[in-house]
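The values are calculated or read from the model by the stated rules, or taken from the named source; none is laboratory data. All figures in this text were calculated on a predicted structure; none of them were measured in a lab. We place every Cβ from the backbone using ideal geometry, glycine too, and count neighbours over all the protein chains shown.
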Amino acid sequence: MRIHVAAAILVLAATPVMAADTAGLAPKMWDRVRAVEAAGVSLRPTPSPQAPAKLSLRECIALASAHNAGFRQSQQQLVNAQRGLWVADQRLFYTASGNAEREQNPGETADTALSSSLATRWEGTDGGAVQATVGTGTQETFGSLVTQRPALSVNYDRPLLRGVGLASSTAERIRSARTTLSSQQLSYYDAHQQLAQSVIEDYFAALLARGEVDIAQRAVDRGKQLYDINYVKFTGEGLKKPGEVWVSQVAEIDVDQARLSWERSKQSLISQQQSYRDATDQLLLDMGLVPGATPELTTAISYSPKEYDEKALIEVALANSTQLGRLALGRDDADAARRIARSQDLPDVIASVGVNDLGDTIGGTPVSTGWFGGVRVEAPLWDRSRRENVGRAERALSVLEQQMVATRDQVRQEVQRQVRAATSSRARIDIGEQTVALAGKNRGAAQGMYDEGLSDYLRVLDAEDRLVEAESSLLQERVRYFLTTVAVRRALGEDVTQELPE
């Protein structure tokens, strides 16, 4: 009979486990958010590893996720939120107590009293609670048992108005922990995306610097070749043909101009080499690796033009916005605060029911046993603080609603801005490709006219400078376009580590 009564009380108190709040985000977005969560994160400090000989873009992102020092804080906060939910979801509590007393009244012998008890409390999310207590009673130094309180009792308390359902302390504790975890999952996803985007930018900055080195090296090679040609033409050295000696009429100033152009290109090459080393070091630092190495970057700069439907992208961005998701979770917190504050004006009605199996005894003889039950009612009177708590919660809710309106506008503007940037960059690339072709053609024509004696060498130098400038500008624009497409994916809430060039 006792077991059946306790089981029935537990069934009455049980409520379904609350589902995690989706914060209004699309299900696919939550799949992406949870896909980047680290499993078994270790936060122990480790020495920075050395960079491998070769690095692809994907490998750099993976290494940064494992070794970046700043990213560890986001990992720590995620683990804390996960453990916080684990703690908050605890609804079964045990309490063991023991007591020993020795007292002596005037003119009497000293008495020693010993007692112990074990209490178990199970809390339901609806506010109800089941509590069972087992006690040894009080005894005199292993003598006869003298019970002063029930040795075994089971009771169930449940609020009927205030503190019931979602307003109960247990339900609110779990809801708050779930909201905190969901918010931290979104923050962790954003931190991971920010880290990935930074690594992508650093990687392509290094690729750009390496490309600038290649352009500068080609300019140096052409400058040396032109200087050698002009020097030979001026001195006549090495220009012997069968049966004759050809002596050039090249002026000494042309040789000097060629030498100056060559030296200037070498200076530019040194600067570009320094920029490449600096960009590589920055990449290694963001990855959490030891700087100073020059690993081979195996991912190449690629150009894949894309078409964007701005209106459709805005809808996707609004459905995936983690910022809106965090505001929605904050709105849930504010709504919960208002709900709980309003419940404080309700009467406190608590129903109790239970069974006392042993009851009070004297010398081992029971004097009472059986069921007990009752209802306790407490009606709150006028209290300014309770009314003000409701007002604060309502004002906080209104502010969050306005922030969500403003954030939606910001999401739209960010998508529009990035799409415009991508469209403009694509147009500049088309112009840049034509410019490089024209600059190369112009440089060849200038060289031909100079060889025929139809122009001075300054035109050749000017054409060379324009070719180098056009090649550098086109390379920079291709890198800028790729980074803009990454920014578009970021604005859409998509995982920027996907669809990367190999």
### Query
So Ala293 fits all but one of (1) closer than 30 Å to Asp430 by Cα; (2) at pLDDT 90 or above; (3) more than 25 Å from the chain's Cα centre (by Cα); what number is the exception?
(1)
### Message
For the structure I just gave you, tell me whether Arg386 is surrounded by 10 or more Cβ atoms within 10 Å (Cβ to Cβ) and under 43 Å from the mean Cα position of the chain (by Cα).
### Response
yes
#### Entry: Residues within the range 434-462 that are modelled with pLDDT of 90 or more and either out of contact with any helix residue (DSSP H, G or I) (no Cβ under 9 Å at 6 or more places or on another chain) or among the aliphatic types (A, V, I, L, M) (or both), tallied
7
#### Entry: Only listed residue being modelled with pLDDT of 85 or more and farther than 27 Å from Leu55 by Cβ, chosen from Arg210, Arg162, Arg218, Arg222
Arg222
### Query
Name the pairs whose Cβ atoms lie under 8 Å apart, with the first residue in the range 407-433 and at negative phi and loosely packed, with under 15 Cβ neighbours inside 10 Å, the second of a type in the set (S, T, N, Q) and modelled with pLDDT under 95, and 6 or more positions between them or separate chains?
Gln410/Gln323
#### Entry: Residue in the range 70-88 that is surrounded by 15 or more Cβ atoms within 10 Å (Cβ to Cβ) and aromatic (Phe, Trp, Tyr) present
yes
### Query
Of (1) closer than 22 Å to Ser455 by Cβ; (2) in contact with a helix residue (DSSP H, G or I) (Cβ under 8 Å, 6 or more places away or on another chain); (3) modelled with pLDDT of 75 or more, Ser248 satisfies all except one. Which?
(3)
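Could you check how many residues of the range 437-463 are surrounded by fewer than 19 Cβ atoms within 10 Å (Cβ to Cβ), among the hydrophobic types (A, V, I, L, M, F, W, C) and either under 30 Å from the mean Cα position of the chain (by Cα) or in a helix (DSSP H, G or I) (or both)? Break it down into steps so the answer makes sense when it comes.
Looking only at the range 437-463, we keep the residues that are surrounded by fewer than 19 Cβ atoms within 10 Å (Cβ to Cβ), and these are 437-438, 440-442, 444-445, 448-449, 451-456, 458-459, 462.
Now drop any that are not among the hydrophobic types (A, V, I, L, M, F, W, C), which leaves 437-438, 445, 449, 454, 458.
Among the residues that remain, those that are also either under 30 Å from the mean Cα position of the chain (by Cα) or in a helix (DSSP H, G or I) (or both) are: 437-438, 445, 449, 458.
Counting residues in the range 437-463 that are surrounded by fewer than 19 Cβ atoms within 10 Å (Cβ to Cβ), among the hydrophobic types (A, V, I, L, M, F, W, C) and either under 30 Å from the mean Cα position of the chain (by Cα) or in a helix (DSSP H, G or I) (or both) gives 5.
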## Note on the structure
All conditions in (1) in contact with a helix residue (DSSP H, G or I) (Cβ under 9 Å, 6 or more places away or on another chain); (2) surrounded by 13 or more Cβ atoms within 10 Å (Cβ to Cβ); (3) hydroxyl-bearing (Ser, Thr, Tyr) are true of Thr46 except (2)
### Message
So the check is Cβ under 7 Å with 6+ separation or different chains; which pairs have a first residue in the range 382-394 that's closer than 11 Å to Asp335 by Cα and free of Cβ contacts under 8 Å to residues at least 60 places away in the same chain and a second one that's part of a helix (DSSP H, G or I) and not polar (S, T, N, Q)?
### Response
Val390/Arg338; Val390/Ala341; Val390/Arg342; Ala393/Ala334; Ala393/Ala337; Ala393/Arg338; Ala393/Ala341; Glu394/Arg338
### Query
Among all residue pairs at least 6 apart or on different chains, which show Cβ distances below 8 Å where the first residue, located in the range 295-323, is within 30 Å of Ala53 (Cβ to Cβ) and surrounded by 12 or more Cβ atoms within 10 Å (Cβ to Cβ) and the second is among the aromatic types (Phe, Trp, Tyr) and modelled with pLDDT of 90 or more?
Leu297/Tyr203; Thr299/Tyr203; Ile301/Phe204; Ile301/Phe482; Tyr303/Tyr481; Tyr303/Phe482
### Query
Can you name every residue in the range 283-294 that is buried (at least 18 other Cβ atoms within 10 Å of the Cβ) and of a type outside the set (Gly, Ala, Ser)?
Leu283, Leu284, Asp286, Met287, Leu289
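Could you tell me whether Val415 is more than 28 Å from Ile215 (Cα to Cα) and modelled with pLDDT of 95 or more? Lay out the reasoning, then the answer.
On the way: more than 28 Å from Ile215 (Cα to Cα): yes; modelled with pLDDT of 95 or more: yes.
The answer is yes for Val415.
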